[in-house]
1. Treat each spin label as a single point 7 Å out from the Cα along the C-beta direction, and report the ALA169 to TRP118 distance in nm.
2. How large is ³J(HN,Hα), in whole Hz, for each residue of the range 54-70 in order, when computed from phi with the Karplus curve 6.51 cos²θ - 1.76 cosθ + 1.60 and θ = phi - 60°, using x for Gly and Pro?
3. Taking amide H positions as placed in the peptide plane 1.01 Å from N, state which residues far from HIS164 in sequence (5 or more) or on other chains have amide H under 5 Å from it.
4. Evaluate the distance, in nm, between pseudo-label points positioned 7 Å from the Cα of ALA43 and of HIS138 along their respective Cα→Cβ axes.
5. Which FRET efficiency value, to the nearest 0.05, is calculated for HIS16 and ASP93 with the Förster distance at 22 angstrom and r the Cβ-Cβ distance?
6. Given a 1.4 Å probe and every protein chain left where it sits, what share in percent of the accessible area of the range 33-74 is carbon and sulfur?
7. Order of 164-170, 150-156, 123-129 by packing, highest average Cβ count within 10 Å first?
8. If I stretch the segment between ILE109 and VAL57 completely, what's the gain in nm (0.36 nm per residue apart, minus their alpha carbon distance), one decimal?
Amino acid sequence: MSECLTRSQMRALLWHYRIAGEGQLPEPVVTAWWRELRGHTAAQVQAALASVPAQRVGRVSAEEVAQLVQLVALAPQAAPGSARPPLPVAEPDRVRERARFAVAGQRGIRAVYSAMGWTRPPEAEQAGRVRCPYCWAHAGRVCRPITRTRDGRREHRDPDTRMHPSRLAAARERPGAAAPARGAAGHGAVSA
């Protein structure tokens with residue numbers, strides 16, 4: 001088991017959850033709470049306090065928090081109102097997941113376009129593979145709807161492609177942009 005709750009941790013938790021009201025925390029209050037909860041860790045007490053509904057946390061007693069700590073220890077899923085945070089996702093997994101979602105989104109948009117009989121301008125496909133030099137939209141994203149930058153340059157998006165002309169020009173100048181590969185990850189700009 002980890003270290004037990006200290007008085008300073010108890011004071012910090014009482015202050016954070018505003019249990020003793022605003023202002024200075026009276027030492028007798030800190031002592032009473034600490035005596036009731038000192039057999040538990042600060043993390044357990046914090047988790048129990050976090051499970052109390054926000055409108056009720058100011059009126060909760062140390063005995064109730066001790067019962068909640070024990071309840072969570074016996075049956076973690078039975079804690080009333082406790083919202084467990086999701087497990088942390090490693091950064092490479094998150095990047096892979098975003099790429100997978102982007103590809104799936106593009107497949108969906110292509111399916112809608114083909115079902116409706118719409119066509120996409122080929123220059124939008126090409127421009128979607130480069131970063132916009134005007135608004136800095138990433139590859140695979142449409143340009144942002146800004147028309148003037150801080151340095152005073154003006155550029156309106158093309159209404160058909162929703163891309164800035166400088167991005168369309170950058171895509172034409174880029175080697176290999178003339179023959180877009182269908183089904184590749186990171187392709188096409190969303191223009192629906």
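1. 2.8
2. 4, 6, 10, 5, x, 10, 6, 9, 5, 5, 5, 5, 4, 5, 5, 4, 5
3. The answer is CYS143, ASP158.
4. Between ALA43 and HIS138, the simple spin-label model gives 3.1 nm.
5. Numbers: r = 32 Å, r/R0 = 1.44.
Working from the Cβ atoms, E equals 0.10.
6. Numbers: 1200 of 2310 Å².
The C+S portion of the solvent-accessible surface of the range 33-74 is 52 percent.
7. Values: 164-170: 20.0, 150-156: 9.3, 123-129: 23.7.
The packing order, highest mean first, is 123-129, 164-170, 150-156.
8. Details: separation 52, 0.36 × 52 = 18.72 nm, distance 4.66 nm.
Gain on extension, ILE109 to VAL57, equals 14.1 nm.
The values are calculated or read from the model by the stated rules, or taken from the named source; none is laboratory data. All values reported here derive from a predicted model rather than from experimental measurement. Here Cβ is always computed from backbone atoms with ideal geometry, including for glycine, and neighbour counts include all displayed protein chains. Quick note on the areas: whole protein, heavy atoms, side chains included, nothing else; ligands and nucleic acids left out. Shrake-Rupley method; radii C 1.70, N 1.55, O 1.52, S 1.80 Å.
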